[in-house]
1. With respect to LYS105, is the statement that it is more than 19 Å from GLY294 (Cα to Cα) and not assigned by TED's automatic domain parsing to the domain that holds PHE311 true?
2. For the range 22-43, how many residues meet the condition of being farther than 25 Å from ALA99 by Cα and in contact with a strand residue (DSSP E or B) (Cβ under 6 Å, 6 or more places away or on another chain)?
3. How many residues are touching a strand residue (DSSP E or B) at 6+ places or on another chain (Cβ under 8 Å) and within 14 Å of the ligand (Cβ to nearest atom) if we restrict to the range 125-157?
4. Hey, PRO253 hits all of (1) at pLDDT below 90; (2) more than 14 Å from the ligand (Cβ to nearest atom) but one; which does it fall short on?
5. Filter the range 303-315 down to residues that are open to solvent by 10 Å² or more (accessible area, probe 1.4 Å) and over 13 Å from MET134 (Cα atoms) and give me whichever is nearest to the ligand (Cβ to nearest atom).
6. Do we have any residue at all in the range 207-220 that's without any contact (Cβ under 8 Å) to a residue 40 or more places away in the chain and open to solvent by 40 Å² or more (accessible area, probe 1.4 Å)?
7. Is there a residue being more than 16 Å from the ligand (Cβ to nearest atom) and at pLDDT below 95 anywhere in the range 286-296?
8. Regarding SER96, is this residue at negative phi and away from the ligand (no atom under 14 Å from the Cβ)?
Amino acid sequence: MSKVNREEILSILDKYDKEDITIATLGSHTSLHILNGAKKEGFKTAVVCEKGREIPYQRYKVADEYIIVDKFSDIVNEEVQDQLKAMNSIIIPHGSFVAYAGLDKIENDFYVPMFGNRDILRWEAERDLERKLMLDSGIRMPYKYENADEIDRAVMVKFPGARGGKGYFVASSTEEFNQKIQSMLERNWIVEEDVPQAHIEEYVSGTNFCIHYFYSVINDEVEMLGMDSRFESNIDGLVRIPAKDQLDIGLDPSYVITGNHPVVIRESLLPQVFDIGDKLVDAAKKLVKPGMNGPFCLQTMCTDNLEIVTFEMSARTDGGTNTFMNGSAYSYLLFGEEMSMGQRIAREIKNAIKTDQLEDLIT
Ligand code: ADP
């Protein structure tokens, strides 16, 4: 539970000129469409950017104001917070914002009004909390092994923290698990302290769909705005080598995310897609009040018996939303215009300002 006092956030928000709100974020991850979408909805925009990283925002002309810092983590410094508040800023959190600012700081020291649910960010970052939320929602997840001695089929082994899949591996027996742990240690892809924290789960063979939802608090509706599939090195490169040569080249597969492609899913699977999104929203309302608020993502595998298995979630805009900066097939169906996730966030804020419901979106 965050120590940032809600009353104080609301009193800061109360002093803001609602006709002159700035949408602000950290310059990384999904900030291009967050800022672009905000401008399309008529907001001023600001980017907090590490020196030397401002080029994309200048070239794409998405930011009205630049707050240049020595390092991204300075976004939590008091001077930066003061500058943001002076611009009537609402911060939009994303994966890099959470990583650089740090959860403790966001929860306890960051007094800029933020879109979404501040408390839910820890639930997606810590695997046990994330699993609890997903299990409580009743969606299908990979089976989890408590101990490496129990491995009886193909498993995926993961380590704590957001590392873009680095050090993850597949094994199908306890011996193979032990061998691969050694090899990851030798490569310095993991350290000794990681080993007891290895998370071992059923390997789900299927195709990857990362589903981007938006829960509108104002409309009490779960929207599905787009889907992507991950491009991962070197697993996606390895499969380009004939199977008979794959064993000889001595490369272990890795799952480091390098990009994303937009996808659509078989239409007959859409009821399942909506069902799991709705279920997560219901569980979040009970477990992490006031629940999901804005963008979230379910990272899934769809098996050959057409079951969608969710192995991970994000409770804020996910990197894969970059595949639909100019709208997706699904966001077009819903809005009849090129709606990105960033623009959808800004539209929600704009609607809330009109109906005097901004407090419900801010944390
Ligand atoms: P991170 O969030 O650290 O990047 P993920 O949990 O998303 O890690 O896993 C990285 C990649 O590993 C996924 O994109 C997917 O390709 C693969 N993966 C993860 N979990 C499973 C699983 N249970 N079965 C099969 N593949 C998986």
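The values are calculated or read from the model by the stated rules, or taken from the named source; none is laboratory data. Quantities reported herein were computed from a predicted structural model and do not represent experimental measurements. Neighbour counts run over all protein chains shown; Cβ positions are idealised from the backbone, glycine included. Note: areas computed on protein heavy atoms with side chains; ligands, DNA, RNA excluded. Shrake-Rupley method; radii C 1.70, N 1.55, O 1.52, S 1.80 Å.
1. On the way: more than 19 Å from GLY294 (Cα to Cα): yes; not assigned by TED's automatic domain parsing to the domain that holds PHE311: yes.
Spelling it out, LYS105 is indeed more than 19 Å from GLY294 (Cα to Cα) and not assigned by TED's automatic domain parsing to the domain that holds PHE311.
2. The first filter runs over the range 22-43 and keeps only residues farther than 25 Å from ALA99 by Cα, leaving 39-43.
Next, only the ones that are in contact with a strand residue (DSSP E or B) (Cβ under 6 Å, 6 or more places away or on another chain) stay: 39, 43.
Count: 2.
3. 17
4. Evaluating PRO253 over (1) at pLDDT below 90; (2) more than 14 Å from the ligand (Cβ to nearest atom) leaves (2) as the failure.
5. Step by step, filter the range 303-315, then rank; the result is THR303.
6. Taking the range 207-220 as the starting set, the residues that turn out to be without any contact (Cβ under 8 Å) to a residue 40 or more places away in the chain are 219-220.
This time we only want the ones that are open to solvent by 40 Å² or more (accessible area, probe 1.4 Å), so: 219-220.
For the range 207-220, residues without any contact (Cβ under 8 Å) to a residue 40 or more places away in the chain and open to solvent by 40 Å² or more (accessible area, probe 1.4 Å): present.
7. Yes, some residue in the range 286-296 is more than 16 Å from the ligand (Cβ to nearest atom) and at pLDDT below 95.
8. Details: at negative phi: yes; away from the ligand (no atom under 14 Å from the Cβ): no.
No, not satisfied.
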